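What follows is one structure encoded as structure tokens, with my remarks underneath.
Bear in mind that the values in this text are calculations on the coordinates, not laboratory data. Worth saying up front: this structure is predicted, and the values here are computed from it rather than measured. Backbone-built Cβ (ideal geometry, glycine too); neighbour counts: all protein chains shown.
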Amino acid sequence: MLLRLLGGTTAVEEFLSQHQITDISIKFNEEDMHKEWNIQFQNWATPIALTKLLAKFYVNDNILSKESYEFLWRVMSVETTTGTDRLKGQLPQGIIIAHKTGTSGTNEKNITAAINDIGIIILPNGNPIFISVLVSNSTEDHGVNEKIISDIAMIIPCGSCPFNLSVPVVVSTDITLHKV
């Protein structure tokens, strides 16, 4: 839906390029990806690129209009109802999070190409954590993959951490899981 609102994949790639956001490729929309398994791999991003994108979005250095920024923040923080067992899964009550999930299908070999969640976690002291967790090519079930994402998210924003996070923190990881 968002891709259509933004003018399609080409328009989004041009926007990213204009703002020096690299290492993200968006060639196909959801509808196209559901038709052919292999084309989804032409859409890709590194976790670092996604985390940098979140940081640019958060500070909104004239990248988006005020209306677009507020719309996207609302969609990511209030209206996102998917992935409640991912980044949000183990976070303490009262932690603010704006996030976007992504989930591919599972093929006949029981491989799920992607289960992702990227977001901005606002700590009680107001400082942001920018986090991107991408689980790729997993043969585990969704519950296991989501627990991995929530475990990673829980490492930093705990209320009893023995350190005080006074600067923005960036967490990026890409995990490929295969049962042995």
Hey, which of these cross-link pairs are over 26 Å Cα-Cα: LYS35/LYS109; LYS56/LYS88; LYS56/LYS109; LYS56/LYS100?
LYS56/LYS109
Cα extents of the chain along the three principal axes, largest first (Å)
46, 44, 26
Starting at the first residue of the stretch 138-149, write each ³J(HN,Hα) from the Karplus equation 6.51 cos²θ - 1.76 cosθ + 1.60 with θ = phi - 60°, in whole Hz, x for Gly and Pro.
8, 9, 7, 6, 4, x, 5, 4, 5, 5, 4, 4
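Between ASN125 and ASP141, what length comes free when the chain is fully extended (0.36 nm per residue of separation minus the Cα-Cα distance, one decimal in nm)?
2.2 nm
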How large is ³J(HN,Hα), in whole Hz, for each residue of the stretch 58-73 in order, when computed from phi with the Karplus curve 6.51 cos²θ - 1.76 cosθ + 1.60 and θ = phi - 60°, using x for Gly and Pro?
4, 7, 6, 6, 6, 7, 10, 5, 4, 5, 5, 4, 5, 4, 5, 4
Contour minus end-to-end for ILE48 and GLU31, with contour as 0.36 nm per residue of separation and end-to-end as the Cα-Cα distance?
3.5 nm
Tell me the relative contact order for the stretch 1-90 as a rounded percent, counting alpha carbon contacts under 8 Å between residues six or more apart.
19 percent
What distance in nm separates the simple spin-label points at ILE96 and VAL59, each placed 7 Å from Cα in the Cβ direction?
1.8 nm
Classify the stretch 1-45 as rounded, prolate or oblate, taking a ≥ b ≥ c as the square roots of the eigenvalues of its Cα gyration tensor: rounded when a/c is under 1.5, otherwise prolate if a/b is larger than b/c and oblate if not.
oblate
For peptides 46-56, 15-25, 141-151, sequence by mean Cβ density within 10 Å, most packed first
46-56, 141-151, 15-25
The relative contact order of the stretch 47-124, taking Cα pairs under 8 Å that sit 6 or more residues apart, comes to a percentage of 29 percent
Please state the shape class of the stretch 1-101: rounded when a/c is under 1.5, otherwise prolate if a/b exceeds b/c and oblate if not, all from the C-alpha gyration tensor.
oblate
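Taking the number of other C-beta atoms within 10 Å as the exposure measure, put VAL12, VAL135 in order starting with the fewest.
Starting with the residue having the fewest Cβ neighbours, the order is VAL12, VAL135.
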Using 0.36 nm per residue, how much length does the chain from ARG74 to ILE111 gain when fully extended, once their Cα-Cα distance is taken away?
10.1 nm
